[in-house]
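S.K.: Got a structure for you, questions after.
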Amino acid sequence: MRVGAPLAVAELDLGKLKGELRELSWSRDGSQLYVKTAEGNPGSQKFRHYVIGVAGGAPLAIEQQPEWATDYWGFKSDRFAPGLRSLIIGFEQKQEKMKIGTGTGRPGEQASGAAGTVPVDIEKTAEGQFENYARLTFEGETISEFVNQMPIPGLMFSWGPTGSGAMAYTDREPGRLMLIDQHRHKQTISGVKDALLPAWSIDGTRLAWVQKAGRKKYTLMWAPVSLKG
């Protein structure tokens, strides 16, 4: 698998588009990309819809999700590999003890608050507290990980073209963009971080994704891809 130089298509300012990014889809002819945002709590979310020309330009708001975008998302986020039903995404959900980060303090360290300084054992406080992890896996690799969140298939991965058994995915931190095939050959796309919503075009020649560019700002990117050496 070879990946060419990435191209910036558009800036996505969520302060203007509203909500959080949820879907990125290719049109059937590869001339447009569809972006979906979601605002509000699960169950009562407001969705907004935008299309962007692959050649570049500002997002254009539309009334509803195009049929081609719905079809593509089903293809991209399916549990089974397109054309290879023997390849399947695994799912695991479990509770894990809360991890103490480097910025949370050390055992016995004092924590300051409005009421004064009180001795707090950080590890003792976290003891017995758990976080809910949901992971999607493929060929032994974690392709999506959600912590205390409802899993969203397709948010962090995309199947490649039909019959290829290939996949693009991002890790939760630091948001690297990676490719893997059915033979477990894996590669990381250099220079990419804070990536989300990988989307492999239907013909397999282009890979799109969004990349964080600032607070509530993302850049929509795509790069040429070759599955043959």
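The values are calculated or read from the model by the stated rules, or taken from the named source; none is laboratory data. Worth saying up front: this structure is predicted, and the values here are computed from it rather than measured. Backbone-built Cβ (ideal geometry, glycine too); neighbour counts: all protein chains shown. Just so you know, the surface numbers come from the protein's heavy atoms only, side chains and all, with ligands and any DNA or RNA stripped out. Shrake-Rupley method; radii C 1.70, N 1.55, O 1.52, S 1.80 Å.
S.K.: Could you compute the FRET efficiency for residue 11 and residue 70, with r as their C-beta to C-beta distance and R0 at 30 Å, rounded to 0.05?
M.R.: Result of the calculation: an efficiency of 0.75.
S.K.: Once you list every other residue whose beta carbon is under 15 Å from the beta carbon of residue 56, what net charge do they have if Lys and Arg are +1 and Asp and Glu are -1?
M.R.: Numbers: positive: 206; negative: 11.
So the environment of residue 56 carries a net charge of 0.
S.K.: Shape of the chain from its Cα gyration tensor (a ≥ b ≥ c, root eigenvalues): rounded if a/c is under 1.5, otherwise prolate when a/b > b/c, or oblate?
M.R.: Cα axes put the chain in the prolate bin.
S.K.: Can you return the aspartates and glutamates within cross-link range of residue 16? Criterion is Cα-Cα under 18 Å, with same-chain partners fewer than 8 residues away left out.
M.R.: 39, 63
S.K.: Here's a follow-up. Send over a whole-number figure in Å² for the accessible area per residue of the stretch 1-79, probe 1.4 Å.
M.R.: It amounts to 53 Å² per residue over the stretch 1-79.
S.K.: Amide H to amide H under 5 Å from residue 84: which residues, 5+ apart in sequence or cross-chain, H placed 1.01 Å off N in plane?
M.R.: It is 163, by chain and number.
S.K.: Could you tell me whether the stretch 2-99 comes out rounded, prolate or oblate from its Cα gyration tensor? Rule is a ≥ b ≥ c as square roots of the eigenvalues, rounded for a/c under 1.5, then prolate if a/b exceeds b/c, otherwise oblate.
M.R.: Oblate shape, in that a/c is at least 1.5 and b/c is the bigger or equal ratio.
S.K.: Tell me, what ³J(HN,Hα) does each residue in the stretch 54-67 have, in order and in whole Hz, if you take phi through Karplus 6.51 cos²θ - 1.76 cosθ + 1.60 with θ = phi - 60° and put x for Gly and Pro?
M.R.: 4, 6, x, x, 6, x, 9, 6, 10, 6, 8, 5, x, 4
S.K.: Next up: If one computes the Cα centroid of the stretch 58-75 and of the stretch 166-229, what distance in Å separates the two points?
M.R.: Between the Cα centres of the stretch 58-75 and the stretch 166-229 lies a distance of 20 Å.
S.K.: With a ≥ b ≥ c the root eigenvalues of the C-alpha gyration tensor of the stretch 134-222, is it rounded (a/c under 1.5), prolate (a/b larger than b/c) or oblate?
M.R.: oblate
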